[in-house]
Amino acid sequence: MSPTPVQIRCSRTYPCANCAAASVKCEFRESDFKRPPVSREYVATLESRVASLESFLAKLKAASSDERNHMLDEVEMQDYIPSFASLPPEEESALSDALMKASLQESPDGTVVYFGPTSVFQDQMSSARASPSVNSKPSPYQEDRSMLVNDTILLCINLFFHWQHPLFMFIDREAFLTDFEENPVEGEFCSPPLIFGCAALGALMSKDPEIKSKAQGFAETAQHILTTEGLNCPRPITVQAFLLVGYYEAGIGQLSRGWLSAGTAFRMGQDIGFQRDPTYWGEVDSQRSSSLTKQFHRHVYWGCYVADKIYSLFLGRPAVMHENDGDVSLVEEPPQDSPIWENWLATHNLERLKDVDANGPSLTLLFNQQIELGRIVDDMLSTTFAPRKRTDAHARKWTEVSLNKLNARLVAWHEALPSNMRWKKWFTNKDVLEPGVAILHVFYHATRLCLNLPFITAVASIPSLSEEAADESGQDPLVESFRICKSGAQVMMDILQRFRNQHTLHRAPMLFIGASLLSMKAILVTSRHEGVKPPLSKGSALAQLDAVLAELGPTWSLANEVRLKFISALNPDGQPGSADAESGAEPPHGAGGRGAPDGSGGTTGTSIPLPAHFQQAAAGILSFPPVIDPFGEVPQQPVVGLEGLGPQVWPVAGAMGYESTYWPTLSEDFLVDANLGFFDSTTGFDWPSEPPIP
């Protein structure tokens, strides 16, 4: 009679305590708990593989050095992950196509929507054809086109393309102008809200107060059409119009509305499938296969991509569009034998507003460089500043590597620029600064500052700055960030001043506002690390940057708000400097506009009146945090290291950050030489009833 087998309850560990106590072999497999045992054939296969591997390792150990290398070169590493290798070639091709399958489906009202491979609506309609959606409701502009095509509109559109177009390359100028002349109401590349959106931004560029005053009306008209009709009729030109309105709203200080309008544009673009290259639709839609339509489509997609990166960079928010989500080719250079822009100017007697420099780089090539820079920004926001916790031991090293890699990519991008796109520090009167070139370099230096400023802002000191050897070696990433911020602020000032001298800043793009604020903060932070007072006196760097914002103010109201936040951050008690007291400069609310917040119609004296809740909020939000040397072993003050910077997303549109409480409390004579009469022309604001949200 055989003995009764021992009943053992396995503890699911290896080696498990119960099996060890019973002196039996533990064979518990976590993966097959309560499952049927594997087949003998499978076990035999695994045993054979293990035996073969052990035999190979034994031979490898006994072999000489040359024989070992030869054996390793001949070994074939096989992937034992299940694959589709057993499928015939035609089936593999069909499987690959299925992973990218998409369709454009036309609804009864004429709108076209996109469905990707995972969509439950993929095969709802047998015919996946696309055609330009047409609004069934007749447009009031069809009978009276004078509201769309008149001298004022023509001038504003010209001003828009002349000064602002390099930042708004989501509009294909040639396609827009072609339809503007032939069918401005129901064209494929032109529509009333798009016309009014261009006119609104163009009107801001005018020196004529009467024309400039029409900007708000144009924008409101475009917004009304979009919200009442555009949301129900997704089209590429509606995407363009929403993005134009978003830029306008941000420029007048309504950042949340601008962010919302831009987001609507991006989502609508994905709704109509603009993330797929037009060649993909060639077989199902011949209308999308024409050369003009392909270029138009690519302008819309990549223009939205760049706009998304600019919004996310300057507001410190996650990007919506990512390169891996689409397969759209870059925009191609238009043929030289098609001077649509020049002919349009001549037709409407606007030749005086032709391109600044006909021999400068083409807008298309500048646009493609913006796209490449946008890719770096996307990686920067999704890696270094991704809002996720990194508590592992390698967090600091990972952050250093990420910072160095991104800085290297930015430098490589800059060094690869063609000669006609490079920034020339030394120039002659014949060297005209193209708006597109200025925008490109402001975008570049703003990206570098946004990447590096948070690292040197969060630390109280950088010990390596005082060591000449370490300073020259460049091994300390904080030292490198310090250099980048200091030189970047200076180059940014040079670009702004040169643009100001050649073109005046009232026609400058909104991008210059963020550039000015970034430069201001960089100057304050680098001055703190150098142990010197910030240059606040008249004619200093900060005063020059304030003058830039002052000239931007009449065009972009956001610049006025930035100026006011800057002065309130450095001078939260509203006490004037000696320069103010001597000059008797009038404070912002007394300069006109809507008067003081209390409704008194303005103030007198030299102090800058700010609502009490705003002063309290500024003092609370912008407090200087405890910091240390992130690379030191023993903290000199409470700890904030490089590893703690990963989750941060630094909003450029905020006030001056930690510097606002550091400098005013440093000494009583901090503002002795300051010219706080900068803001003698700032328009008043309607302050909110609640303090800013931290």
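Residues R40, R276, R507, ranked from the fewest to the most other C-beta atoms within 10 Å, line up as R40, R507, R276.
Between S290 and S65, what's the calculated FRET efficiency when r is the beta-carbon distance and R0 is 60 Å? Round to 0.05. The calculated FRET efficiency here is 0.40. Computed from point charges on the beta carbon alone (+1 for Lys and Arg, -1 for Asp and Glu), the dipole magnitude for segment 145-336 about its Cα centre is near 600 Debye.
Legend: residue pairs K405/K565; K309/K430; K214/K521; K309/K425; K425/K521; K486/K565, Cα-Cα distance threshold 25 Å; pairs beyond threshold, K405/K565; K309/K430; K214/K521; K309/K425. The calculated FRET efficiency for A416 paired with E342, based on their beta-carbon distance and R0 = 30 Å, is about 0.50. Please compute the net charge surrounding M380, taking Lys and Arg as +1 and Asp and Glu as -1 over other residues with Cβ under 11 Å from its Cβ. Computed value for this residue: +3.
Summing Lys, Arg as +1 and Asp, Glu as -1, what charge do residues with Cβ under 12 Å from the Cβ of A262 carry, A262 excluded?
On the way: positive: R257, R267, K309, R317; negative: E249, D308.
Summing Lys/Arg as +1 and Asp/Glu as -1 gives +2.
Values quoted throughout were computed directly from the atomic coordinates according to the rules given, and no laboratory measurement underlies them. These numbers were taken from a predicted model, which means no experiment stands behind them. Glycine gets a Cβ as well: all are built from the backbone with ideal geometry, and neighbour counts include every protein chain shown.
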